[in-house]
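First the structure, in the form of structure tokens, and then the observations on it.
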Amino acid sequence: MSLNSFGHLFRVTTWGESHGPALGATVDGCPPGVPIDEATLQHWLDQRKPGQSRYTTQRREPDAVKILSGVFEGQTTGTPVQLMIENTDQRSKDYGDIAEKFRPGHADITYWQKYGIRDYRGGGRSSARETAARVAAGGLARAALAQLAPGLQITGYMTQIGPHAISRARFDAAQIGQNPFWCPDAEAAQNWAEYLDGLRKSGNSVGGVIELVARGVPAGLGAPIYGKMDTDLAAAMMSINAVKGVEIGEGMNAATLTGEENADEIFMGNDGQPVYSSNHAGGILGGITTGQDVVVRFAVKPTSSILRPRQTITKSGDAAEIITKGRHDPCVGIRAVPVGEAMMACVLLDHILLHRGQIGANRGRIG
């Protein structure tokens, strides 16, 4: 299986399976001299790890990260950084019944069709467990961003679970860390809790929408035509397990606007820098950042492993019924928030390094 790497100069390769002994990431291209230790990375992994509320899988994994290479005396050396997270709470017996059956909505059937072999214990590489490695790599990216772009801040939150969306009028960033849903709307969070309790008890699941905002992004990152910032951000988000749609700025809603409505008018600010009347573009024009907030949104499908009988087939082509046992998220989108933040950090750092290598400082002056 190839193509397990992403990024250009800051390049991340993830490895490992859901029920293997460990998983992790090899990060190549991290600049030297970045202060980093395991505790710093653990902060971000703790936000993603399972079993922290009744609304996520009850698999109990500490997600303790180990740095095996590329760091000396508390700083990166510029050589590859190897990160490892051991699996400690596998229950592979939960998956014995599906060894010969394909779970609807899962990658079981496509992995089998492509490779002729699959790891049915939790899905192997197709499991959301793989994203722990991305969060570890994203923690390293954030540490490098703190040096190269100290004003840059990435914030993720959920805006919708199933048909229930937040009210933008009640948006309160202080609420994001105050509930298990990363929800900026306290009233919506309460409603989501009741809604998910019903789904969880009935053995069902639902999808969600996550929004990411990067503030303090320098203007000029990204390149035409095939190196666009939004191209790489969309690819990064789409690579996350269970993601089925990505939007930048207005996204699909841009099709409903007129040109007059959609155009973000430009003015000169008091500090001599351009300011915009709005941000329909999501902080990116022509694939290059404007200096505004970069806004990305992605949709996560319902968890496919549910305690509801579904019709399927076996490897021999026989009709069968299947119920997926085990410990699964009623809404896997909840734990996708820190994963999305990590992927955004990796992409932004990658583009800062690319920009620094080709351009250095921005060349175009205004005023």
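The values are calculated or read from the model by the stated rules, or taken from the named source; none is laboratory data. For clarity, every value in this text was computed on a predicted model and none was experimentally measured. All Cβ positions, even for glycine, are placed from backbone atoms using ideal geometry, and neighbour counts span all protein chains on display. Only protein heavy atoms, including side chains, enter the accessible area calculation; ligands, DNA and RNA are left aside. Shrake-Rupley method; radii C 1.70, N 1.55, O 1.52, S 1.80 Å.
Could you list which residues have their amide H under 5 Å from that of residue 284, counting only those 5 or more apart in sequence or on another chain, with H placed in the peptide plane?
290
How far is helix 131-148 tilted off the main Cα axis of the chain, in degrees rounded to 10, range 0 to 90?
The answer is roughly 10 degrees.
Quick one: with all protein chains in place, what share of the accessible area of the chain is carbon or sulfur, to the nearest percent (1.4 Å probe)? Don't jump to the answer; show the numbers that get you there.
Values: 9000 of 17110 Å².
Carbon-and-sulfur percentage of accessible area, whole number: 53.
Would you look at the GNM of the chain, springs on alpha carbons closer than 10 Å, and say which of 169, 189, 149 moves the most?
Residue with maximal mean-square fluctuation among 169, 189, 149: 169.
How many Lys pairs in the chain lie less than 21 angstrom apart by Cα atoms, where the lysines are 8 or more positions apart or on different chains?
Final tally of qualifying lysine pairs is 17.
Could you point to the residue in 218, 238, 270 farthest towards the positive end of the stretch 201-275's charge dipole, with +1 and -1 charges on the Cβ of Lys/Arg and Asp/Glu respectively?
Toward the positive end, the furthest listed residue is 238.
What does the accessible area per residue of the stretch 266-367 come to in Å², with a 1.4 Å probe and no ligands, DNA or RNA counted? Please report the intermediate quantities before stating the final value.
Values: 4840 Å² over 102 residues.
Ligands and nucleic acids excluded, the result is 47 Å² per residue.
List the longest stretch of the chain that has no exposed loop site; here a site is one of the GluC sites (Glu not before Pro) assigned by DSSP to anything other than H, G, I, E or B, with at most 11 other Cβ within 10 Å. Display every interim value, and only then the final one.
Values: sites that count: 73, 265.
Answer from the scan: 74-264.
Mind jotting down a quarter of the surface of the convex hull over the alpha carbons of the stretch 297-367, in square nanometres, one decimal?
Working: hull surface 37.9 nm².
Projected area, direction-averaged: 9.5 nm².
Starting from the alpha-carbon convex hull of the stretch 119-203, give the projected area averaged over all orientations, in nm². Before the final figure, lay out each step's value.
Numbers: hull surface 32.5 nm².
Reported value for the Cα convex hull: 8.1 nm².
Rounded to the nearest whole Å³, what is the per residue volume of the convex hull around the Cα atoms of the stretch 214-367?
Values: hull volume 27.0 nm³, N = 154.
Per-residue hull volume (Cα only) is 175 Å³.
Which far-off residues, 5 or more places away or on another chain, put their amide H under 5 Å from the one on residue 69, with H placed in the peptide plane?
Here 82 satisfy the definition.
Search the structure for amide H atoms under 5 Å from the amide H of residue 279, placed 1.01 Å from N in the peptide plane, and list their residues when 5 or more places away or on another chain.
The answer is none.
When only C-alpha pairs under 8 Å and at least 6 residues apart count, what is the relative contact order of the stretch 125-185, in percent?
Details: 39 pairs, mean separation 15.1, N = 61.
Computed over the stretch 125-185, the figure is 25 percent.
Measuring from centroid to centroid over Cα atoms, what is the spacing of the stretch 193-251 and the stretch 310-362 in Å?
9 Å
For the chain, what relative contact order do you get, as a whole percent, if you take Cα pairs closer than 8 Å and at least 6 residues apart? Don't jump to the answer; show the numbers that get you there.
Working: 764 pairs, mean separation 79.4, N = 367.
Worked out over the chain, it gives 22 percent.
Each residue of the stretch 247-252 in turn: what ³J(HN,Hα) in whole Hz from Karplus with 6.51, -1.76, 1.60 and θ = phi - 60°, glycine and Pro shown as x?
Using θ = phi - 60°, the values come out as 10, 10, x, 5, x, 4 Hz.
Could you pull the Rg and Dmax for the stretch 61-170, using just the Cα atoms, both in Å?
Calculated on Cα positions, Rg and Dmax stand at 19.5, 52 Å.
Can you send over the solvent-accessible area of residue 79, 1.4 Å probe, protein chains only, in Å² to the nearest 10?
Number for this one is 70 Å².
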